[in-house]
Amino acid sequence: MPRKFFVGGNFKMNGSQASIKTIVDGLNDAKLDGSNEVVIAPPALYLISVAKAVNAPVEVAAQNAYIKQSGAFTGEISPEQIKDAGVPWVILGHSERRSLFHDSDSAVAEKVKLAIETGLKVIACIGETLEEREKGITSQVNQRQLEAIAAAIPESAWKDIVIAYEPVWAIGTGKVATVEQAQEVHADLRKWLAGRVSPAVAEATRIIYGGSVTAKNSPELAKAEDIDGFLVGGASLKPEFVDIARTKA
Ligand code: G3H
């Protein structure tokens, strides 16, 4: 079965009630036909209102979740609470969480495990820094990040996981990876999944690309065999996100 093209919009810590309403109205007006899976991730404060306001087929994701379901963890939100809010997805392991908030490989794996056990679907982010790419360890870094997750979950969990490959050097920099650079890593990850998990999981799992994706570069990237969609940051706040959401694979 072909993999359904997936377009995520990660608003990060951007937006207001008014600007987010404009984005949601734009998506609703676009009347997307559901040929691509489209998921938007507003800041936590706006999750419930966006989940209520946005029309199918667009769904909503939280940008993070904690490793516990409740308790004295000021400032955190739990997978149970995300589910209770009517939000089916969560982004975990984003490079900004890893670098700015010290989410280690094992913390990300624990978060993925609990989110999956709670019944959420996960956009699991991995990616190398520029320094790591220049050292020639791109493959090792991405496989290490993915291995932590693979070791924490059963094979059956992969049906609820989308892998977002986001080279850190391409995030918010305007330096998009070339189609060849992205395809090379995606193919490498799919091969790794086939060996580490199973050929069926490797074939079915969406591996999406993130890092300076725009309406201009998305059609070219989408042509690559192993690029199954995008995780869009900056451009998800702009009207062009509707065009990216309509990208033909
Ligand atoms: O989660 C999204 C990525 O960090 C990409 O962000 O499109 O602004 O480069 P960007």
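Of the residues making up the stretch 151-169, those that are free of Cβ contacts under 8 Å to residues at least 60 places away in the same chain and either closer than 22 Å to Pro219 by Cβ or under 15 Å from the mean Cα position of the chain (by Cα) (or both) are Trp158, Lys159, Asp160, Ile161, Ile163, Tyr165, Pro167.
When the stretch 215-244 is limited to residues that are of a type in the set (Val, Ile, Thr) and away from the ligand (no atom under 12 Å from the Cβ), the one that is farthest from the chain's Cα centre (by Cα) turns out to be Val242. When we screen Thr205, Thr247 for residues that are of a type in the set (Val, Ile, Thr) and more than 16 Å from the chain's Cα centre (by Cα), the only hit is Thr247. The set of residues from the stretch 91-108 being under 15 Å from the mean Cα position of the chain (by Cα) and more than 13 Å from the ligand (Cβ to nearest atom) comprises just one member, Val108. The sole residue among Ser156, Ser212 that is among the hydroxyl-bearing types (Ser, Thr, Tyr) and within 16 Å of the ligand (Cβ to nearest atom) is Ser212. Identify, please: which residue in the stretch 171-182 is at pLDDT 95 or above and under 18 Å from Val7 (Cβ atoms) and is, among those, surrounded by the most Cβ atoms within 10 Å (Cβ to Cβ)? Among those residues, the one meeting the criterion is Ala182.
With respect to Ala164, determine if the residue is within 15 Å of the ligand (Cβ to nearest atom), assigned to a helix (DSSP H, G or I), modelled with pLDDT of 95 or more and touching a Leu at 6+ places or on another chain (Cβ under 9 Å). Judged against the criteria, Ala164 is not a match. The set of residues in the stretch 170-189 being over 16 Å from the mean Cα position of the chain (by Cα) and near the ligand (Cβ under 10 Å from one of its atoms) consists of Thr173, Gly174, Lys175, Val176. Can you name the residue in the stretch 123-145 that is in contact with a Phe, Trp or Tyr (Cβ under 7 Å, 6 or more places away or on another chain) and outside any helix (DSSP H, G or I) and is also surrounded by the fewest Cβ atoms within 10 Å (Cβ to Cβ) among such residues? Selected residue: Thr129. If you go through the stretch 182-199 one residue at a time, do you hit one that is of a type outside the set (Lys, Arg), under 22 Å from Asn10 (Cα atoms) and in contact (Cβ under 8 Å) with a residue 60 or more places away in the chain? Taking every residue of the stretch 182-199 in turn, none turns out to be of a type outside the set (Lys, Arg), under 22 Å from Asn10 (Cα atoms) and in contact (Cβ under 8 Å) with a residue 60 or more places away in the chain.
Exactly one residue among Gly234, Gly211 is in contact with a Pro (Cβ under 7 Å, 6 or more places away or on another chain) and at pLDDT 95 or above, and that residue is Gly211. For the stretch 231-249, the candidate set comprises residues that are in contact with a Gly (Cβ under 9 Å, 6 or more places away or on another chain) and assigned to a loop (DSSP other than H, G, I, E, B); within that set, the residue that is surrounded by the fewest Cβ atoms within 10 Å (Cβ to Cβ) is Pro239.
The values are calculated or read from the model by the stated rules, or taken from the named source; none is laboratory data. All of these numbers come straight from a predicted model, not from anything done at the bench. Glycine gets a Cβ as well: all are built from the backbone with ideal geometry, and neighbour counts include every protein chain shown.
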